[in-house]
Amino acid sequence: MIGTTWKRDSGMTGHCPTWSVLCKFCADRGEWTRMFLRYSLIILGRSEALCMSEPVNQIAFKCPECAWVTRFNVTDDTEYLKEIVERRKGRLLYLPPVEEWGKENEEIARQLASLGYVGGR
Ligand SMILES: [Zn+2]
């Protein structure tokens, strides 16, 4: 998982996908909509309430067009997950500032357009 579909990064999230997170439902309508980071929650222990059997960085994305929310449970070493929590000054949950939601859409739309995709944002 780490190194193939997800990589560590030095930001507040601690992990980022190695692909563009595009909305599959908007893709069905021919739109290429970039989903934005909605939250990242570090879950360090086993949690029956959250159906977790191992420590994860739970990362959620939301589509600004159709409101679909999806989340990934990225497993990594407990020590690294604790490092992420330290970056957040002890907070397990990271919510990006509202003004950053969907901020990357225009750049992604420009890149997709240059590759021949039309529509989307
Ligand atoms: Zn969508």
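The residue that is nearest to the chain's Cα centre (by Cα), among those in segment 35-62 that are among the small types (Gly, Ala, Ser) and either within 16 Å of the ligand (Cβ to nearest atom) or exposed (fewer than 15 other Cβ atoms within 10 Å of the Cβ) (or both), is Ala60.
Of all residues in segment 63-79, those satisfying the criterion of being within 16 Å of the ligand (Cβ to nearest atom) and either assigned to a helix (DSSP H, G or I) or in contact with a Ser or Thr (Cβ under 8 Å, 6 or more places away or on another chain) (or both) are Cys63, Pro64, Glu65, Cys66. The single condition among (1) crowded, with 20+ Cβ neighbours inside 10 Å; (2) within 16 Å of the ligand (Cβ to nearest atom); (3) assigned to a strand (DSSP E or B) that Trp32 does not meet is (3). Val69 satisfies every condition listed in (1) farther than 22 Å from Thr4 by Cβ; (2) loosely packed, with under 13 Cβ neighbours inside 10 Å; (3) of a type in the set (A, V, I, L, M, F, W, C); (4) out of contact with any Lys or Arg (no Cβ under 9 Å at 6 or more places or on another chain) except (4).
Contact map, segment 56-67: residues that are under 14 Å from Glu31 (Cα atoms) paired with residues that are part of a strand (DSSP E or B), Cβ distance under 7 Å, separation 6+ or inter-chain. Pairs shown: Pro64/Phe36. Of all residue pairs spaced 6 or more apart or on separate chains, those with beta-carbon atoms under 7 Å, a first member in segment 3-32 that is over 18 Å from Asp76 (Cβ atoms) and a second member that is part of a loop (DSSP other than H, G, I, E, B) and small (Gly, Ala, Ser) are Gly30/Gly119; Glu31/Gly119; Glu31/Gly120; Trp32/Gly119; Trp32/Gly120.
Where a number appears in this text, it was derived from the coordinates with a stated rule and is not lab data. Everything numeric here is computed off the predicted structure, so don't read it as measured data. Glycine also receives a Cβ, built like all others from the backbone with ideal geometry; neighbour counts cover every protein chain displayed.
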